[in-house]
1. Let me know the charge dipole size of the range 10-68 about its Cα centre in debye, to the nearest 20, where only the beta-carbon of Lys, Arg (+1) and Asp, Glu (-1) is charged.
2. How large a share of the accessible area of the chain, in percent, is made up of carbon and sulfur atoms when the probe is 1.4 Å and the other protein chains stay in place?
3. About its Cα centre, what dipole magnitude does the chain give when the only charges are +1 on Lys and Arg Cβ and -1 on Asp and Glu Cβ, stated in debye to the nearest 20?
4. With every protein chain left in place, what is the accessible area per residue of the range 1-76 in square angstrom, probe 1.4 Å?
5. Choose one answer from Leu26, Leu57, Leu77: the residue with the largest mean-square fluctuation in a GNM of the chain with alpha-carbon springs under 10 Å.
6. When the helices in the chain are scored as -39500 (n - 2.57) per DSSP H run of 4 or longer and the sum is shared across all residues, what 222 nm value do you end up with, to the nearest 500 deg cm²/dmol?
7. Quick one: order Leu94, Leu52 from most to least accessible surface, probe 1.4 Å.
Amino acid sequence: MAYEAGALEATLAAAAGGDPTLFAELRASFLESVARQVDLLSRSRCDGNWQLAAMRLKGLAASFHSAQLLALADRALDGAPGEPGVVRQLRAFLAELTPT
């Protein structure tokens, strides 16, 4: 899955207003929020917790205009709690966004 930076990076840049420090903070906050929800998904064993984490991911995707994350969140919503394929794809998405 190739990461497409377009809309996400543009949204962060618009919110930061040209301030590189603020841009970095917003990006880090986004990544931290996604990581938290992916962790919750990976530990979810009941429908309620799974759905809640997936909906939070969907909200993050919508807020930051990340079509790729939105598609993965929808896939999680359609899946069963603990579905490893979705969690693996979300972790891969997160890894592609995380600077090395």
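The values are calculated or read from the model by the stated rules, or taken from the named source; none is laboratory data. Given the structure is predicted, the values throughout are model-derived calculations rather than measurements. Here Cβ is always computed from backbone atoms with ideal geometry, including for glycine, and neighbour counts include all displayed protein chains. Ligands, DNA and RNA are excluded from the accessible area calculation, which covers all protein heavy atoms including side chains. Shrake-Rupley method; radii C 1.70, N 1.55, O 1.52, S 1.80 Å.
1. On the way: 6 positive and 5 negative charges, 49 e Å.
The dipole magnitude comes to about 240 debye.
2. On the way: 3180 of 5470 Å².
C and S atoms contribute 58 percent here.
3. Working: 9 positive and 11 negative charges, 63 e Å.
About 300 debye.
4. Details: 4090 Å² over 76 residues.
Normalised by residue count, the accessible surface of the range 1-76 is 54 Å².
5. In the Gaussian network model the winner is Leu26.
6. Details: 5 runs with 78 residues, N = 100.
The helix contribution divided over the chain gives -25500 deg cm²/dmol.
7. Numbers: Leu94 25, Leu52 85 Å².
Highest to lowest solvent-accessible surface, that is Leu52, Leu94.
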